[in-house]
């Protein structure tokens, strides 16, 4: 196994930290850490994007990831999910080259499995025995599943607004769980920062943990391999934004290595009622503040009234790629759930937000008929059955189990 990762570097003070230190934030200033690679060496030695060509998982791209010994890898088959071309919606909105990256097909039903396979494996390699994450639901279930698989002690605080199904899934996999009550996201941020400084707690929260979003780079590699090029635009739902930032970093790496000469326009998508990134973007700001009320959206997975540490990474990805930050209404989300269902994909509301945003972007002329566009479907509709019922309703007709009743039903259906 070969990895070209060389160190962790702080966003704020730019100091380097060893990759073998079991830490999550900068020990000098508390800033966010980012994995750095020797791209010159990678370019000299790289024969193809895939390190392990026959493997269909995130571990196919081990050269692009932090080093983890074979015996430390915890995998459930995450990654390698379908890139499905639209049969209906793309033509309808004038974007015929529209694709859905369907991470609802992951082991625990969400894209979080990419990050937790890598982050738990990496922590295991560093001999970390237990860890903690805050979650809006999907991350908690994924962390609990991968921790169970590895024998890791997992503690999860899950938002009170998460669906009962998500809370139960975390319990099912065996983590220690507490429901987290709060009034503003700022309270959660303060809690997480103090937990790191005062308790030395090894955290798995996006960005506070510098490894999770590295796995999201595999979006870029998988999509590039499937299409034979990078797309023109990529739409990703964002809460803390690890998926979008990781994908952006992956595309930047492909550009640095000479595999491609461009990066897709990155579109950060939020519910309109909590669209702090949209508000910052429209004002030309590089840091987002508090905005909205997360209790007013059905898109629980991406509902937050403010970003972690100002969301500077997300806005950088948007600005540097000539993308945009968009907000979509509750009605647009529900309609997009139905649009996705016609394509054969059941996505939770947060997933459908990316499709709603692509429709909005098409109306605004931000994407068009010549563009190759990818919407990331981050989680299964089965995670929020009440939202599925809200979008689709329940069957209205009941018949008795006899031939005549069936015949009449068929006649009415023609």
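Only the coordinates and a few stated rules stand behind these numbers; no lab work does. Computed from a predicted model, the values in this text were never measured in an experiment. Here the Cβ positions follow ideal geometry from the backbone for every residue, glycine too, while neighbour counts run over all protein chains shown.
See the values below:
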item	result
Cα-based equivalent ellipsoid of the stretch 294-408: semi-axis lengths in Å, sorted from largest, via gyration tensor	35, 18, 11
Relative counts (whole %) of C-alpha pair distances in the stretch 346-414, using bins that are 10 Å wide	17, 27, 22, 22, 11, 1
Segments 373-380, 313-320 sorted - mean Cβ within 10 Å per residue, highest first	373-380, 313-320
Angstrom value of the Kirkwood radius, inverse mean 1/r, which spans all Cα pairs in the stretch 329-381	11.1
Distance histogram in 10 Å bins (all Cα pairs of the stretch 20-74, percent per bin)	18, 40, 31, 10, 0
The chain: angle of helix 403-413 to the longest principal axis, Cα-based, in degrees nearest 10	80
Rg/Rg_globular for the stretch 50-151, with Rg_globular taken as 2.2 N^0.38 Å and Rg from C-alpha atoms	1.27
Gaussian network model of the chain, Cα within-10 Å springs - most flexible of 276, 213, 45	45
The chain - mean residue ellipticity at 222 nm from DSSP helices (-39,500 (n - 2.57) per run, n ≥ 4, rounded to 500)	-11000 deg cm²/dmol
Extension gain from residue 316 to residue 256, taking 0.36 nm per residue of separation minus the Cα-Cα distance	19.9 nm
Relative contact order for the chain, counting Cα pairs under 8 Å that sit 6 or more residues apart, in percent	16
Relative pair counts by distance (%), Cα atoms of the stretch 150-280, 5 Å bins	2, 9, 14, 16, 18, 16, 11, 9, 5, 0
Per-selection metrics, the stretch 219-357 (Cα): Rg and Dmax in Å	14.9, 45
Viscosity 1.002 mPa s, temperature 20 °C, Stokes-Einstein D of the stretch 1-45 from Kirkwood C-alpha radius, µm²/s	192
Whole-angstrom Cα spans of the stretch 2-109 along principal axes, big to small	52, 33, 32
Nitroxide proxy distance, nm - points 7 Å out along Cα→Cβ at residue 130 and residue 225	3.8
Inter-site label distance for residue 283 and residue 55 at 7 Å from Cα along Cβ, in nm	4.5
Pairwise centroid distance, computed over Cα atoms, of the stretch 335-351 with the stretch 25-43, Å	37
Spin-label pair residue 47/residue 153, simplified geometry with 7 Å Cα→Cβ offset, distance in nm	4.5
Gyration tensor over alpha-carbon atoms, the chain, equivalent ellipsoid semi-axes in Å	34, 25, 22
Candidates 281, 403, 267, ranked by Gaussian network fluctuation over the chain, Cα under 10 Å, top entry	403
Stokes-Einstein D in µm²/s, Kirkwood radius over Cα pairs - the stretch 72-211 at 20 °C with 1.002 mPa s viscosity	132
Per-selection metrics, the stretch 230-299 (Cα): Rg and Dmax in Å	14.2, 45
